[in-house]
Amino acid sequence: MSRPSRPNSLSRTSPPGPAAPATAFRALHRGGEPLVLPNAWDVASALALADAGFPAVGTTSLGVAAAHGEPDGQGLAGVRDATVALARRLGDRLPCPYTVDIEGGYGGDGDGAADRAADLVAELAAVGAAGINLEDGLPGGEGLQPAARQAELIVAVKERAPGVFLNARIDTHWLVDAPPPLSAALDRAETYLAAGADGIFVPGVVADDEMSALVSAVPAPLNILFAPGRHTVSRLADLGVRRISTGSLLFRTALGAALAAAESVRSGEGQSGEPGGAGVVEYAQVQRLLEAGQARCARPSRRAPAGRADRAG
């Protein structure tokens, strides 16, 4: 894998128009600066991020699952349904492209798993999703999907929805005490790209030398999970990273802020001002965002015509 990594685009440009969100999203990986991709967990958080100037938004599987009372990474049918429901609402309301975290595809085990995952992605494309995140970690953290089997899944998805940007997540270095050599991730990246993946995501890799090695070896946009205290956008850009995701960071930060605000009310610390301080979003601002999203629902749909979702972008 010796071809140079494709460049990425500015992450603070105006949101692209609605005509071709999949094409616009793909182009965001080919500009001069990394695509900073914040991850939302509901319509309000996605609208707020778009309103802040981010040209694309992702979803976080942890945030979506937790918001519906379910654990992340289990491949649960309820989380699948919540993910589709959120994607449908975003397709009607969001003024920028969005990509959906679908864990391992929610296809289950055995015969037909790849077809079921492909059906899901086709459904997401039909409601307006420009991309997906597809991981090779097994449900419940029980190891990794065999690379050949994951490649079959990628092939099935790309056959059904070739225009969707498929970001192949490689979990060799995610939540492990003793990660394998980087070659393990590179071998999987080569397999997944050959199967049709459009980008490679290796969460858990934080060291500069390892990220640089991935950029040099992977002939596709490299996605890195932002690590607070370890990463800066400018440094990741210098290393050649093309997409920077926040993962569940924003959801967990929001949860922490809610707890801190509630505690300040209970302790009396919030009596001199609004709990949470200057960072609290005003009620009127939330209403404005939701009303603007509601107004977009009344406009002609950006979704691909029935039967053509798999050719979008």
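The values are calculated or read from the model by the stated rules, or taken from the named source; none is laboratory data. Everything numeric in this text was worked out from a predicted model, so none of it was measured. Neighbour counts run over all protein chains shown; Cβ positions are idealised from the backbone, glycine included. For the accessible areas, the whole protein counts, side chains as well, though only heavy atoms, and no ligand, DNA or RNA atoms are used. Shrake-Rupley method; radii C 1.70, N 1.55, O 1.52, S 1.80 Å.
Details
- Karplus-derived 3J(HN,Hα) values for region 193-209, using 6.51 cos²θ - 1.76 cosθ + 1.60 with θ = phi - 60°, are 5, 5, 7, x, 4, 9, x, 10, 10, 10, x, x, 8, 10, 6, 4, 5 Hz; glycine and proline are entered as x.
- Against the chain, whose longest principal axis comes from its Cα atoms, helix 249-267 is set at around 20 degrees.
- Summing +1 for each Lys or Arg and -1 for each Asp or Glu among the other residues whose beta-carbon sits under 13 angstrom from that of Ala48 gives -1.
- Between amide H atoms placed 1.01 Å from N, distances below 5 Å from Leu37 occur with Ile244, Ser245, Thr246, all of them 5 or more places distant or on a separate chain.
- Ligands, DNA and RNA left out, the 1.4 Å accessible surface of the chain is 54% carbon and sulfur atoms.
- In sequence order, region 71-85 has phi-based couplings of x, 7, x, 9, x, 6, 4, x, 6, 4, 5, 5, 5, 5, 4 Hz under the Karplus curve 6.51 cos²θ - 1.76 cosθ + 1.60, θ = phi - 60°, and Gly or Pro positions carry x.
- Value of Rg to Rh for region 17-90, rounded to two decimals, is 1.02; Kirkwood radius and Rg both from alpha-carbon coordinates.
- Candidates Ala284, Ala130, Ala77, ranked by Gaussian network fluctuation over the chain, Cα under 10 Å, top entry: Ala284
- Positive-end residue, the chain charge dipole about Cα centroid, Cβ charges, pick of Ala20, Val164, Gly32: Ala20
- Where trypsin sites (Lys or Arg not before Pro) in DSSP loops with at most 11 other Cβ within 10 Å are excluded, longest remaining stretch of the chain: 13-229
- 1.4 Å probe accessible area per residue over region 50-129, in Å²: 34
- Counting only DSSP H runs of at least 4 residues, each contributing -39500 (n - 2.57), and dividing by the residue count of the chain, the helix-based mean residue ellipticity at 222 nm comes to -13000 deg cm²/dmol.
- Correct option for mean projected area of the Cα convex hull in nm² [calculated from the coordinates] among [x] 18.4; [y] 39.9; [z] 16.6: [z]
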